[in-house]
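The values are calculated or read from the model by the stated rules, or taken from the named source; none is laboratory data. All values reported here derive from a predicted model rather than from experimental measurement. Cβ coordinates were reconstructed from backbone atoms using ideal geometry, including for glycine residues, and neighbour counts include every protein chain displayed.
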Ligand SMILES: [Fe+2]
């Protein structure tokens with residue numbers, strides 16, 4: 001890729017942010033929508049005040065367009081619309097539980113993704129405060145309905161899914177502890193934001209499966225401080241949010257980081273976040289193993305690291321989880337007593353013939369498009385990319401791409417039979433010719 005192309009891409013990424021084409025349905029738009037063909041400059045598609053309907057969305061989809069662009073200066077307007085849309089979806093009696101859950105979780109993930117992509121837009125963390133306000137109200141009104149926003153089963157672990165889950169769980173835990181709604185809101189916001197500093201840690205370090213070197217470990221340990229730097233630059237002043245970001249890896253017995261605080265030096269919001277952070281990280285599927293059942297995770301935390309956590313807070317979370325699993329056992333991964341299989345990309349991945357034989361996918365070029373993108377250079381969301389499938393292994397697919405990709409980015413590839421497959425990037429390495437090789441896991 002030439003330098004000028006990279007420059008163009010960087011200029012577009014600095015001035016616009018992508019939104020999925022089905023994000024809006026408005027008789028009179030409150031913002032401007034731009035369309036970008038190939039790698040050219042974005043062109044105005046619909047100006048503020050004009051209509052954008054489901055029919056327009058369908059037309060765009062028929063043309064293969066997946067995303068529109070909105071000027072970054074209109075980001076706050078878009079986020080307000082998203083919060084309204086999420087509230088409407090959550091309260092819509094005609095939507096199924098699965099659909100409601102999908103809309104709320106995806107919208108929340110998109111807001112977190114925006115915070116991580118554009119951390120320096122003033123006030124961007126406030127948008128998560130609006131979302132957190134909704135979460136706080138919902139979880140105190142009807143815990144059972146709200147609790148389905150916590151994914152306790154097949155989810156993969158990557159930073160943004162994790163932050164959504166921690167935010168949801170923090171809300172339920174704070175409510176269980178009897179906190180007032182305004183404080184629950186701040187605790188939810190802290191949960192949604194707590195790992196923002198991970199944007200300062202290289203993806204290959206975050207996702208490394210083997211043992212970390214001392215230097216890599218030092219990079220990981222910096223993410224709470226990087227997070228707080230980002231929040232301060234952004235104008236975030238909420239004490240709970242800052243404390244949860246800086247101290248969610250601190251442990252009561254002094255064994256945590258970044259400062260090795262102990263006992264009373266660690267506040268209640270950080271103690272809440274610590275429990276949810278570890279709980280969600282352990283229940284989630286990893287490339288090398290499947291998701292773990294909630295009870296098994298709670299037992300492990302209780303026996304192996306009990307001294308690091310606040311017992312009364314941990315017990316409160318234990319009660320919440322027991323209650324939820326009792327209400328609906330199907331929401332959690334079952335504990336069969338058998339070793340948990342890896343997420344198993346091969347067993348779930350269709351191929352051209354629709355059989356379990358993966359050879360059709362194992363070689364050759366496929367078309368792809370990013371549907372979630374954090375990196376600012378190279379093709380953006382919606383730009384067509386050519387990918388070459390190198391290999392499919394027990395838990396991963398390896399592709400060569402024309403650009404590196406960050407962990408947690410998602411791309412959709414089109415298989416030879418025109419079916420599509422969503423993949424989540426776990427890391428980028430480089431081949432002998434310097435070509436980026438991207439390792440992916442199957443995404444929902
Ligand atoms: Fe963290």
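Taking each residue of the stretch 194-217 that is more than 30 Å from residue 129 (Cα to Cα) and looking for partners that are part of a helix (DSSP H, G or I) and more than 14 Å from the ligand (Cβ to nearest atom) with beta-carbon atoms closer than 8 Å, six or more apart or interchain, yields 208/216.
This table checks each residue for (1) surrounded by fewer than 17 Cβ atoms within 10 Å (Cβ to Cβ); (2) touching a helix residue (DSSP H, G or I) at 6+ places or on another chain (Cβ under 6 Å); (3) over 26 Å from residue 227 (Cα atoms).
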residue: 45; (1), (2), (3): no, no, yes
residue: 53; (1), (2), (3): yes, no, yes
residue: 57; (1), (2), (3): no, yes, yes
residue: 64; (1), (2), (3): yes, no, yes
residue: 82; (1), (2), (3): no, yes, no
residue: 91; (1), (2), (3): yes, no, yes
residue: 97; (1), (2), (3): yes, no, yes
residue: 102; (1), (2), (3): yes, no, yes
residue: 112; (1), (2), (3): no, yes, no
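Somewhere in the stretch 170-180, is a residue touching a helix residue (DSSP H, G or I) at 6+ places or on another chain (Cβ under 8 Å), within 20 Å of residue 268 (Cα to Cα) and within 16 Å of the ligand (Cβ to nearest atom)?
So in the stretch 170-180, the residues touching a helix residue (DSSP H, G or I) at 6+ places or on another chain (Cβ under 8 Å) come out as 170-177, 179.
Then keep just the ones that are within 20 Å of residue 268 (Cα to Cα); that gives 170-177, 179.
Keeping just the survivors that are within 16 Å of the ligand (Cβ to nearest atom) gives 170.
Looking through the stretch 170-180, at least one residue is touching a helix residue (DSSP H, G or I) at 6+ places or on another chain (Cβ under 8 Å), within 20 Å of residue 268 (Cα to Cα) and within 16 Å of the ligand (Cβ to nearest atom).
Of all residues in the stretch 23-43, those that are loosely packed, with under 13 Cβ neighbours inside 10 Å and either over 21 Å from residue 375 (Cβ atoms) or touching a strand residue (DSSP E or B) at 6+ places or on another chain (Cβ under 8 Å) (or both) total 5. Evaluated against (1) touching a helix residue (DSSP H, G or I) at 6+ places or on another chain (Cβ under 7 Å); (2) in a loop (DSSP other than H, G, I, E, B); (3) modelled with pLDDT under 90, residue 282 falls short on exactly one condition, (2). When residues in the stretch 257-274 are screened for being within 11 Å of the ligand (Cβ to nearest atom) and in contact (Cβ under 8 Å) with a residue 40 or more places away in the chain, 1 of them pass.
Output the residues belonging to the stretch 181-216 that are within 16 Å of the ligand (Cβ to nearest atom), surrounded by fewer than 17 Cβ atoms within 10 Å (Cβ to Cβ) and either at pLDDT 95 or above or part of a loop (DSSP other than H, G, I, E, B) (or both). Of everything in the stretch 181-216, those that are within 16 Å of the ligand (Cβ to nearest atom), surrounded by fewer than 17 Cβ atoms within 10 Å (Cβ to Cβ) and either at pLDDT 95 or above or part of a loop (DSSP other than H, G, I, E, B) (or both) turn out to be 202, 208, 212.
For residue 235, the conditions (1) under 18 Å from residue 120 (Cα atoms); (2) more than 13 Å from the ligand (Cβ to nearest atom); (3) under 21 Å from the mean Cα position of the chain (by Cα) are fulfilled apart from (3). Scan the stretch 217-225 and tell me whether some residue there is assigned to a helix (DSSP H, G or I), within 17 Å of the chain's Cα centre (by Cα) and surrounded by 21 or more Cβ atoms within 10 Å (Cβ to Cβ). Scanning the stretch 217-225 turns up at least one residue that is assigned to a helix (DSSP H, G or I), within 17 Å of the chain's Cα centre (by Cα) and surrounded by 21 or more Cβ atoms within 10 Å (Cβ to Cβ).
Kindly check whether there is at least one residue in the stretch 230-240 that is closer than 27 Å to residue 299 by Cβ and part of a helix (DSSP H, G or I).
Keep residues of the stretch 230-240 that are closer than 27 Å to residue 299 by Cβ, which gives none.
No: the stretch 230-240 contains no residue that is closer than 27 Å to residue 299 by Cβ and part of a helix (DSSP H, G or I).
Taken over the stretch 241-256, residues that are part of a helix (DSSP H, G or I) and either within 11 Å of the ligand (Cβ to nearest atom) or within 11 Å of residue 189 (Cα to Cα) (or both) amount to 6. Closer than 22 Å to residue 175 by Cβ, in contact with a helix residue (DSSP H, G or I) (Cβ under 6 Å, 6 or more places away or on another chain) and modelled with pLDDT of 90 or more - does that describe any residue in the stretch 251-266? Yes, the conditions are met somewhere in the stretch 251-266.
Of the residues that sit in the stretch 22-45 and are more than 18 Å from residue 381 (Cβ to Cβ) and not in a loop (DSSP other than H, G, I, E, B), which one is modelled with the lowest pLDDT?
Taking the stretch 22-45 and keeping what is more than 18 Å from residue 381 (Cβ to Cβ), we get 25-30, 44.
Retained after the next criterion (residues that are not in a loop (DSSP other than H, G, I, E, B)): 26, 44.
Details: 26: 83, 44: 95.
Result: 26.
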